[in-house]
Structures are given as C-alpha cells and as structure tokens.
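In what follows, a single structure is set out as structure tokens and then discussed.
Taken together, the values in this text are just the output of simple stated rules run on the coordinates, not laboratory data. What you see is a predicted model, and the numbers here were worked out from it, not measured in a lab. FYI the Cβ positions are ideal-geometry reconstructions off the backbone, even for glycines, and counts take in every protein chain you see.
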Amino acid sequence: MTHPSLSPRREFWLLLTIAGVQFTHILDFMIMMPLGPQFTRLFGISDAQFGLLVSAYTLSAGLSGLAAATYVDRFDRKRLLLTLYTLFALATLACGLAPGYGFLMAARVAAGVFGGVLSALSQTIVADVVPFERRGRAMGIVMSSFSVATVAGVPLGLFMATHLSWHAPFFGIAALSGLFMLGAAVTLPRLNQHLQAANRPSIWRGIGMVLSEPNHLRAFGFSALLMFTGFTVVPFITIYMQTNVGLVDAQIPYIYLCGGVATLFTARLFGRMADRLGKVRTFNWLALGVTVPLMATTLLPRSPLWMVLLVSTSFFVFMSGRMIPGMALVTSAAHPPLRGTFMALNASVQSAAMGLASLIGGVIISRDAAGQVQHYWAAGLLGVCASFAAIAMAGRLRLHDAGPRPAG
C-alpha cells in the first residue's frame, strides 16, 4: 500500500531525513564501544559489566520490537515516528546526564527501547512511500547512514569525548536528533493509508496474520540469515587484527575509516544496481561476493597495513552492500497493510540473530598460550554457510508491489 507519489524533490528530502534518523540511532549504538576504556576507569566496572552496558541496548531494542508489533500499525506513521524520536532523544540526553553506572544502564535500556522501533519504522516508511521499482536506490540512500556514522560520527564523537568529556557525544546526538526531528515534521507527509484499509484486523489478529503467513516466516528467516552472516565475525575483528595480524591501537581506526568511506560511495551504486538488474539477482551476487573477504578476514596472517585495509574494506563494502537489496526484499515481502507489524517483529528477529551469532562466534574462538585467537576461520565459515542459505531463501520470497520478477 504505497503512498501517493511524491515529487522527486520531496521524496529525496524525505529519504535524507529518514537517513538522518537512522544515523543518530546507529551512532548512539556505535559510540558506546570505543568509550569502553573511559567507562571502566571512571565507573570502576569490569569488562563484563561494560559488555552488559553495550548489550542492554540491543536486548531492549529486540524486546521493544515485539511490543511495537501490538501498536505500530494502529497509528499514523509520521506521528508515531515523531513521538518515538522525541523519546529517543530524551533517553540519549539522559545518557549524557548519567552520574553513574546504574543511571547510565537505565538510560541505555530506554534508548534501545525507542531506537529499536525507530529502525523498523523508518524502513516501513520507505516501503510505504517509495515504489518498488525505486526502492533499491531509496534503501541505498537510507542505509548510507551507517557509512556516515562510521566515517564521521564515531571519530567526531571520540574527539568530543577526549577533548571535552564522555558526556559530550550523547549531548551532540540528542541535539542532532532535535534537528532531524524538525526535518521529519516538514518532509514527511501524513502516512495513514494503512489505517484506511478495509476490514483492518485487530491488534492480536494482525500479529497472528503476520505469523501465520508462510511468506512472512520465510522473510523472517532470510532477515535472520542476513544478520547472522556478519555477526559471527564482526564483534571480534579488532581483537583478531591486534593479536594475530599485528596492528597497533593507532591503526585500528583506519579499518573503519576506509571501510566507511568506500561504502559511502558503493551504497548508492548497489541501490541503483538493485533497481536496474533486480533485487534478488543483485543480492545473490553480493552475498556470494562477501564470502571471499569474509574468509580472508578470518585467515589473515601478519600483514602490512595496506593489505589489511584491502581485505577489510572489501569486507565492509560487500557486507553492507548485500543489505541494500536484502532489506528491499524483506520490506517487499510483507503484506502492505501489515507492514508495520511485520517490520517491528523483524527488528526483534534481527536483534536475536545478532546476539545468537555473536554468542556462537565467541564460543567457537579461543586463545592459545600466547594470547593468539584460534578457530576464527570456523566462525567465518559459519557466516559463509549462512550467506549461502540466504541466497537459497531469497529466491523463495514472494514480493508485494513488484511486477513480474526478472529471472535470477
């Protein structure tokens, strides 16, 4: 159920606004990890307690996705986005004001509750507003927010934390959220077409309809495989690069800088490819291509920096690139009147897949007597298997809003 066509200019500004919402949500999650040394020192907490601080965001986001399934299709999407975004900005502001570990933990849980739903709602709005034939390009614009967060957001946040205090990045994210909130109020049209559908189901019947549709279940499986592919490997890249490959602390930022800059350019390219060549075909190529840098990353011996950057940048390009046609497929697999409920449940599926993949990856790898990471290649191989399974699943999805699908 696509919104009546917007002008190209209005659509472009809408997509930039949604990308801004995604940018602040992603940056709010990412900025925690490099601040670990400051938090452990200032709050006197252990590494395990800091790990709980980080995971609290993802876990609360997953649970809030389940709760959102009961209400996300009952409201105008614009009004719901503005309400949740306001609450997210206030939760992030509370993170910056936290006087201690307990208060910060509560604020992180609140930020995850509202931020997790924002991600699903943003993708739902794109699917509602942008026709299927342009949805790959639209997803490319929105998902470039991850690249901008990696390239600009995290380094700037760390600069603020170093030269001001650890509170400053959260104040900055809250201020940016206020700016993008104004943009959303201006650029988003009323998004209530789903409320006008005939015979609109009740809340629980709507959830039941989503979960009883085989195509939706296949899409959830496909979405879980998308996340599982990367998260058996991604959480341990920095550890492996330092212990096994021989990089020093000062060289690690170059991995994320180069990867982020490259994906900033390739995201738009892959989005156009998906629209021109077909979402399934483009996904299959990228999901197959990611297996090479995925295994190369987990098998990399001691190497010069230029070789590490070649492998890691390829990893970032393909890993993020396959998400563009992949998420276009997921949003299109949802029955339009139930898309909000579907995407809220999908956010929980993705959070669970990320957590499970990280847990399994952590169980697989080990350390030898010299502190070197062992069996990382096995975690990579598991990710490769998940990528092949996603390729097999992509061809089985039935897509709404799409005309006859090209072969491949």
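Worth a mention:
- Of the trypsin sites (Lys or Arg not before Pro) found in segment 299-343, those in coil by DSSP whose Cβ has at most 10 other Cβ atoms within 10 Å are ARG302.
- In order along segment 79-88, the phi-based Karplus estimate (6.51 cos²θ - 1.76 cosθ + 1.60, θ = phi - 60°) of 3J(HN,Hα) comes to 4, 5, 4, 5, 5, 5, 5, 4, 5, 4 Hz; Gly and Pro are listed as x.
- Only Cα pairs under 8 Å and 6+ residues apart enter the sum, and on that basis the relative contact order of segment 247-345 stands at 39 percent.
- Using the Cβ-Cβ distance between VAL186 and LEU359 with R0 set to 51 Å, the FRET efficiency works out to roughly 0.75.
- FRET efficiency for the pair LEU299 and LEU217, taken as 1/(1 + (r/R0)^6) with r the Cβ-Cβ distance and R0 = 35 Å, rounds to 0.50.
- Potential extension, HIS163-PHE12 segment - 0.36 nm per residue separation minus Cα distance: 50.8 nm
- Local electrostatic count, GLY115, Cβ distance below 15 Å [Lys/Arg +1, Asp/Glu -1]: 0
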